[in-house]
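The next block holds one structure in the form of structure tokens; read it before the comments.
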Amino acid sequence: MPLSQDQVIYALTELLGADSVISAPAEMAGYLSEPRRRFTTKARAVALPRTVAEVQRVMAWAHETNVRVIPQAGNTGLVGGQVPLFGDEVIVSISRLKGVRDVDAAAGHMTLNAGTTLEEAHQIAEDAGMLFPLHIASQGSARIGGVLGTNAGGVQVLSYGNARELCMGVEAVLADGTLYQGLTALKKDNTGYDLKDLFVGSEGTLGIITAATLKLFPKPADYETAFLNVASPDAALHLFAQLRARAGHTLTAFELMPRIGIEFQLKHGMIEHDVAAAPSPWHVLAEISVPEGVAPGALMAALEPAFESGLVTNGAIAESLAQREAMWQAREQMSEVQSREGGSIKHDVSVPVAAVPTLIERGVKAVADVVPGIRPVPFGHLGDGNIHFNFSQPDGADQKAFMAGAEPVHKAVYAVVRELGGSISAEHGIGQLKTGLLAEVKDPVAMAMMRSIKSALDPKGILNPGKVLG
């Protein structure tokens, strides 16, 4: 027989103490909705363990009593993977599981508890004279456990890779409360399966990450940043090839943006002035990280052929930290500003880098055929093929009616993505938003393998039920 609400709260209080259990609806509210508020479902309670041992005790109890558990880190995910689905779950928040276990700058790694925020991880690396290069818009709230659980990407994947590539090892509590002790700093270890990759990107469906060993890199001496004008995504792709050939791994960011996104920000007062040298149909934010001992001017030298050939029609070079920050602010606000323009239908997709211009051209046409007057705002990480293919409502349209018609827009975009050999989720994950779509597009053998892994590690199906696999 399922436990009653009172029995759940009593048991959690016995395991963790009264100050580590939240059960009042008003106090739980912040844990129940994700940032876009698409999903809001009640939960039995929120548990706030302070130690790994307490996480183990909660999971051992949940396994024994068949109580379903939602692992939650910073609650910044955009596909509902970290919030309840059925209404009878217990949320286990790792927000109190913070702190540093080890930093070894010379060897290039640090081990952090999973509740440490990404911004705190940056500061820990900075204090050691090193760089942890994973940057996302929500880094002040996002926590290491969630960053790894969703395999977060960000703006420097081009040179450093996504969360999976930055992770050397993890510690995780399994569904029955046992502890997988996979923290390691070894660069070579051929002793069987690389089990950490089961947990990175699993969105809390296989275990609760409690700590991780992460790679550190030499801190650049400086950054050289430019906001460039190009005629089209195809021109941007050619520019990327030229810059990559001339700058190599020091090209750490290459972001594509449409002019409409800048105009939105100017209209709504989100930027003080136009960061571009002049209006252009498309813009590129390019940045080179200058290693210690390298003379300045690498970015301008790399750009010279592009200016001479007309591939870049104009550009602004950041001459101060304030100018660099203003350029990045314009990029980072591309998604947020669309909410001020009314309804926005969003997609987080990826295709092979060479196919990005085709994706944008064909995707825009396909969606315009569905919703005449729709305003495309595709932007993102051209250098790794990840485009946030968003569409703002037509001028004067009714927002509710526009958003109610999102499904045909999704189908049009995903059809093009699939034809180009792309992915329907590049860096946001599957959560509860895309489970049906995943079942449609994923190789059936791959789906069967994932279900087998889930069944082996969580035979009762109590960890993040209904997420990813549906």
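Take the range 85-101 and flag every residue that is at positive phi and in contact (Cβ under 8 Å) with a residue 60 or more places away in the chain.
none
Give the residues of the range 368-416 that are among the β-branched types (Val, Ile, Thr) and under 23 Å from the mean Cα position of the chain (by Cα), sorted by residue number.
Residues satisfying the conditions are 377, 387, 409, 413, 416.
Could you tell me which residue of the range 183-206 is surrounded by the fewest Cβ atoms within 10 Å (Cβ to Cβ), considering only residues that are under 26 Å from the mean Cα position of the chain (by Cα) and either of a type in the set (Ser, Thr, Tyr) or more than 30 Å from residue 126 (Cβ to Cβ) (or both)?
193
Which residues, counting only those in the range 431-460, are more than 25 Å from residue 36 (Cα to Cα), outside any helix (DSSP H, G or I) and touching a residue at least 40 places away in the same chain (Cβ under 8 Å)?
458, 459, 460
Of the numbered conditions (1) farther than 25 Å from residue 450 by Cα; (2) in contact with a Leu (Cβ under 6 Å, 6 or more places away or on another chain); (3) outside the structural domain of residue 297 (by TED's automatic domain parsing), residue 158 satisfies every one except a single condition; which is it?
Status for residue 158: all satisfied but (2).
For residue 214, state whether it is assigned by TED's automatic domain parsing to the domain that holds residue 130, surrounded by 23 or more Cβ atoms within 10 Å (Cβ to Cβ), of a type outside the set (Asp, Glu) and in contact with a Lys or Arg (Cβ under 9 Å, 6 or more places away or on another chain). Outline the logic, then answer.
Working: assigned by TED's automatic domain parsing to the domain that holds residue 130: yes; surrounded by 23 or more Cβ atoms within 10 Å (Cβ to Cβ): yes; of a type outside the set (Asp, Glu): yes; in contact with a Lys or Arg (Cβ under 9 Å, 6 or more places away or on another chain): no.
Criteria not met by residue 214.
Just for strands (runs of 3 or more DSSP E) wholly inside the range 282-370: which have at least 3 residues that are of a type outside the set (Ser, Thr, Tyr), crowded, with 20+ Cβ neighbours inside 10 Å and out of contact with any His (no Cβ under 7 Å at 6 or more places or on another chain)?
282-290
Let me confirm something: among 240, 217, which residue is over 16 Å from residue 280 (Cα atoms) and touching a Phe, Trp or Tyr at 6+ places or on another chain (Cβ under 6 Å)?
Step by step, each of 240, 217 is checked, and only 240 is over 16 Å from residue 280 (Cα atoms) and touching a Phe, Trp or Tyr at 6+ places or on another chain (Cβ under 6 Å).
Return the residue satisfying two criteria in turn: it lies in the range 1-55 and is without any contact (Cβ under 8 Å) to a residue 24 or more places away in the chain and part of a loop (DSSP other than H, G, I, E, B), and of such residues it is farthest from the chain's Cα centre (by Cα).
1
Among 106, 137, which is in a loop (DSSP other than H, G, I, E, B), more than 20 Å from the chain's Cα centre (by Cα) and small (Gly, Ala, Ser)?
106
Based on this model, can you work out whether residue 166 counts as of a type in the set (A, V, I, L, M), within 30 Å of residue 245 (Cβ to Cβ), in contact with a Ser or Thr (Cβ under 7 Å, 6 or more places away or on another chain) and assigned by TED's automatic domain parsing to the domain that holds residue 113?
Values: of a type in the set (A, V, I, L, M): yes; within 30 Å of residue 245 (Cβ to Cβ): yes; in contact with a Ser or Thr (Cβ under 7 Å, 6 or more places away or on another chain): no; assigned by TED's automatic domain parsing to the domain that holds residue 113: yes.
So residue 166 does not fit the description; no.
How many of the residues making up the range 435-470 are closer than 20 Å to residue 92 by Cβ and either aliphatic (A, V, I, L, M) or in the same structural domain as residue 81 (by TED's automatic domain parsing) (or both)? Steps first, please.
In the first step, residues of the range 435-470 are kept if they are closer than 20 Å to residue 92 by Cβ; the result is 454, 457-469.
In the following step, the residues that additionally are either aliphatic (A, V, I, L, M) or in the same structural domain as residue 81 (by TED's automatic domain parsing) (or both) were identified as 457, 462-463, 468-469.
The number of residues fulfilling the criteria is 5.
Run residue 428 past the list (1) touching a residue at least 60 places away in the same chain (Cβ under 8 Å); (2) assigned to a helix (DSSP H, G or I); (3) touching a Ser or Thr at 6+ places or on another chain (Cβ under 9 Å) and report the number of the one that doesn't hold.
The number of the failed condition is (2).
Of the conditions (1) closer than 18 Å to residue 152 by Cβ; (2) in contact with a Lys or Arg (Cβ under 8 Å, 6 or more places away or on another chain); (3) touching a residue at least 40 places away in the same chain (Cβ under 8 Å); (4) crowded, with 23+ Cβ neighbours inside 10 Å, residue 82 fails just one. Which one is it?
So the condition that residue 82 fails would be (2).
Return the pair list, or none, for Cβ contacts closer than 9 Å from residues in the range 222-241 that are within 17 Å of residue 362 (Cβ to Cβ) to residues that are in a helix (DSSP H, G or I) and among the polar types (S, T, N, Q), at least 6 apart or on different chains.
Filtered contacts from the range 222-241: 233/358; 234/358.
Tell me the residue from 245, 185, 211 that is out of contact with any strand residue (DSSP E or B) (no Cβ under 9 Å at 6 or more places or on another chain) and either free of Cβ contacts under 8 Å to residues at least 60 places away in the same chain or of a type in the set (Gly, Ala, Ser) (or both), please.
Within the list 245, 185, 211, the selection yields 245.
Evaluate the following for residue 428: is it under 25 Å from residue 83 (Cα atoms) and touching a Leu at 6+ places or on another chain (Cβ under 9 Å)? Spell out how you get there, then give the answer.
Working: under 25 Å from residue 83 (Cα atoms): yes; touching a Leu at 6+ places or on another chain (Cβ under 9 Å): yes.
Taking the combined requirement at face value, the residue satisfies it.
Scan the range 340-352 and tell me whether some residue there is touching a Leu at 6+ places or on another chain (Cβ under 9 Å), of a type in the set (Val, Ile, Thr) and not assigned by TED's automatic domain parsing to the domain that holds residue 281.
Yes: one or more hits.
Looking at (1) closer than 21 Å to residue 200 by Cα; (2) among the hydrophobic types (A, V, I, L, M, F, W, C); (3) out of contact with any helix residue (DSSP H, G or I) (no Cβ under 9 Å at 6 or more places or on another chain), can you tell me which one residue 92 breaks?
Checking residue 92 against (1) closer than 21 Å to residue 200 by Cα; (2) among the hydrophobic types (A, V, I, L, M, F, W, C); (3) out of contact with any helix residue (DSSP H, G or I) (no Cβ under 9 Å at 6 or more places or on another chain), the one that fails is (3).
So which residues in the range 406-465 are surrounded by fewer than 17 Cβ atoms within 10 Å (Cβ to Cβ) and acidic (Asp, Glu), if there are any at all?
407, 419, 440, 443 - these are the residues of the range 406-465 that are surrounded by fewer than 17 Cβ atoms within 10 Å (Cβ to Cβ) and acidic (Asp, Glu).
The values are calculated or read from the model by the stated rules, or taken from the named source; none is laboratory data. If you're wondering where the values come from, they're calculated on a predicted model, not measured in any experiment. Using ideal geometry, Cβ is built from the backbone for each residue, glycine included, and neighbour counts are taken over all protein chains shown.
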